[in-house]
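Below is one structure; the comments refer to it alone.
The values are calculated or read from the model by the stated rules, or taken from the named source; none is laboratory data. Just so it is clear, the model here is predicted, and its values are computed rather than measured. Here the Cβ positions follow ideal geometry from the backbone for every residue, glycine too, while neighbour counts run over all protein chains shown.
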């Protein structure tokens, strides 16, 4: 989408199956875009989550699927992988046959979703938690039955959460899961280590956190704006014999890059396992 263009207002009935953090991020974005609360249906069996939705958005979420779901032209599946099959079987009878389905459940393939719902109009998404602050990265895959209008609607719904990226093969979403889906946790792990190191070197913990977070933000923004290879950007900061060179050398000697890459392969493998474990 053109970031400078003003997106059209949404005016289509949308249903959410699941009302947790990711659903809340999407609902907040939709309401800010002008979608009336009356155009939303939310099914959330967990009472505290229903109360949170009412407190935040004035929405009266339902504990179980009902006939009102039939008016939704877009159904967003924001459920945990292990509960998707049960949720689909419970809601299927209430859904419009021609509805477009958007899944944000990790690991569950569109083949499984199509079998459970009896529909091929499915887009599978892999978002990440920065979507909660409008800085997310979401990988998307659409089955052949989804037309250009369906893709555009999905982009419009996700636009308030951050960036989107379409992949050509569904299996590539496992790599998206390993990089950006799980990626925020990697960043938080590094931030924890930087804060701890700063404190060990005599800085107050809050100052060490501020320095670490601002450094990640600034470096990421520099990389986003630059057309140069990441290796070049790193080398530009790493003067031979300097402080950065000492730190990078220590990390390379410890095999940090190799261990980091191996960790992401483990995340990709787990995404495949989820499809097998919960997609039957």
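For the stretch 215-250, the set of residues classified as surrounded by 11 or more Cβ atoms within 10 Å (Cβ to Cβ) and within 19 Å of residue 195 (Cβ to Cβ) consists of 215, 216, 217, 219, 220, 244, 247, listed by residue number. Among the residues of the stretch 94-107, those identified as closer than 24 Å to residue 11 by Cα and either in contact (Cβ under 8 Å) with a residue 60 or more places away in the chain or surrounded by fewer than 23 Cβ atoms within 10 Å (Cβ to Cβ) (or both) are 94, 95, 96, 97, 98, 99, 104. Among the residues making up the stretch 158-189, those that are surrounded by 15 or more Cβ atoms within 10 Å (Cβ to Cβ) and closer than 19 Å to residue 251 by Cβ are 183, 186. Evaluated against (1) surrounded by 23 or more Cβ atoms within 10 Å (Cβ to Cβ); (2) within 22 Å of residue 119 (Cα to Cα); (3) at pLDDT below 95, residue 25 falls short on exactly one condition, (2). With respect to residue 147, is the statement that it is free of Cβ contacts under 8 Å to residues at least 40 places away in the same chain and closer than 30 Å to residue 276 by Cα true? The answer is yes for residue 147.
Taking helices (runs of 4 or more DSSP H) as the structural unit, those lying wholly within the stretch 67-158 and holding at least 3 residues that are closer than 30 Å to residue 187 by Cβ correspond to 148-158. Exactly one residue out of 100, 132, 140, 117 is closer than 25 Å to residue 37 by Cβ, assigned by TED's automatic domain parsing to the domain that holds residue 30, touching a helix residue (DSSP H, G or I) at 6+ places or on another chain (Cβ under 9 Å) and modelled with pLDDT of 95 or more, and it is 100.
Just a yes or no: is a residue in the stretch 173-184 assigned to a helix (DSSP H, G or I) and either farther than 29 Å from residue 273 by Cα or more than 15 Å from the chain's Cα centre (by Cα) (or both)? Checking the stretch 173-184: not a single residue is assigned to a helix (DSSP H, G or I) and either farther than 29 Å from residue 273 by Cα or more than 15 Å from the chain's Cα centre (by Cα) (or both).
A quick yes/no check of all residues on (1) surrounded by fewer than 16 Cβ atoms within 10 Å (Cβ to Cβ); (2) in contact with a strand residue (DSSP E or B) (Cβ under 6 Å, 6 or more places away or on another chain):
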residue: 68; (1), (2): yes, yes
residue: 76; (1), (2): no, yes
residue: 86; (1), (2): yes, no
residue: 116; (1), (2): no, no
residue: 139; (1), (2): no, yes
residue: 148; (1), (2): yes, no
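Annotation note: of 167, 213, the sole residue that is assigned by TED's automatic domain parsing to the domain that holds residue 144 and under 20 Å from residue 128 (Cβ atoms) is 167.
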